[in-house]
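A short reminder: the numbers here are calculations on the coordinates, not readings from a lab. For clarity, every value in this text was computed on a predicted model and none was experimentally measured. Here Cβ is always computed from backbone atoms with ideal geometry, including for glycine, and neighbour counts include all displayed protein chains.
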Amino acid sequence: MIDLYYAPTPNGSKLRMALEELALPYRLVRMALSEGEQFTPAFTAISPNQKMPALVDHAPADGGGPLAVFESGAMLMYLADKTGRLLPADPRGRLEAMQWLFWQMAGLGPMSGQAGHFRRYAPEGVPYAIERYTREVARLYGVLDARLAGREFIAGAYSIADIACYPWVAVHAGLGQDLTDRPHVKRWLDHIALRPATVRAYADVADPYAPAAAPLSSQARQHLFGGTAP
């Protein structure tokens, strides 16, 4: 059994997608990030960076005791290696998939997160930041669109590279992105959305960058964006 410490963010959705795709038994440990649950000593022992997702594998392949893993990219690699799935077996294919996984971790995810933050959560409008990050996400979508031209998936067969990128493209509207001029990304996104594992993973997930009915409280804002526990 795997415990997945989770909130319905793009990074959280990556791991839920992977676990559903791999049909691994798991328990969803939902975290109330706006209430500061990520700062508890128990969770910090699992995820030193005090960010979710994180997982604890109670039956690791080495036969040892429970194994904690944090950082979504490392977690996807761990699950792929544990099962022998979602990563090419040959060294060149594996390297290709890993490059795109790292591209997501270093570029698509952070830039999308900043675009979403300044468009949706910043307490006041910062036009330069909104334009800067929205333009960079558009550039990254262009990179992905070029990569997907003539390809069904990012790196050969469906892999953790696709799973890592999908949640950050699924929220494109809230990031100020229009896929009209990204036909390959649109086709890829629609295809993955229909996978049974994706449908299950997103059954109760709302877009975190959609307009909110009410503003965040000062306490919730501190927990989410303050950087440390108050």
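Across all C-alpha atoms in the chain, the radius of gyration and Dmax reach 17.6, 53 Å.
With contacts taken as Cα pairs under 8 Å and at least 6 residues apart, the stretch 50-98 reaches a relative contact order of 25 percent. Counted by neighbouring Cβ atoms within 10 Å, the residues Ser159, Ser218 run from fewest to most as Ser218, Ser159.
Of all the options Gly150, Gly109, Gly176, the one that moves most in a Gaussian network model of the chain with Cα springs shorter than 10 angstrom is Gly150. Within the listed set Ala138, Ala32, Ala164, the residue fluctuating most in the Gaussian network model of the chain (springs between alpha-carbon atoms under 10 angstrom) is Ala32.
Helical runs (DSSP H, four residues minimum) scored at -39500 (n - 2.57) apiece and divided by the length of the chain put the mean residue ellipticity at 222 nm at -14500 deg cm²/dmol. By the beta-carbon count within 10 Å of each Cβ, the least crowded to most crowded order of Thr44, Thr134, fewest first, is Thr44, Thr134.
Annotation: the residues Glu124, Glu136, sorted from fewest to most other C-beta atoms within 10 Å of their own C-beta, follow the order Glu124, Glu136. In this simple spin-label approximation, Phe102 and Asp207 carry label points 7 Å from Cα along the Cα→Cβ vector, and these lie 3.3 nm apart.
Here the spin labels are modelled as points 7 Å beyond Cα on the Cα-Cβ line, and at Arg120 and Ala193 they lie 1.6 nm apart. With contacts taken as Cα pairs under 8 Å at a separation of at least 6 residues, the chain carries a relative contact order of 24 percent. With the simple spin-label model, which puts each label point 7 Å out from Cα in the Cβ direction, the Ala61 to Thr83 separation comes to 1.3 nm. Per residue, the convex hull spanned by the Cα atoms of the stretch 91-195 measures out at 90 cubic angstrom.
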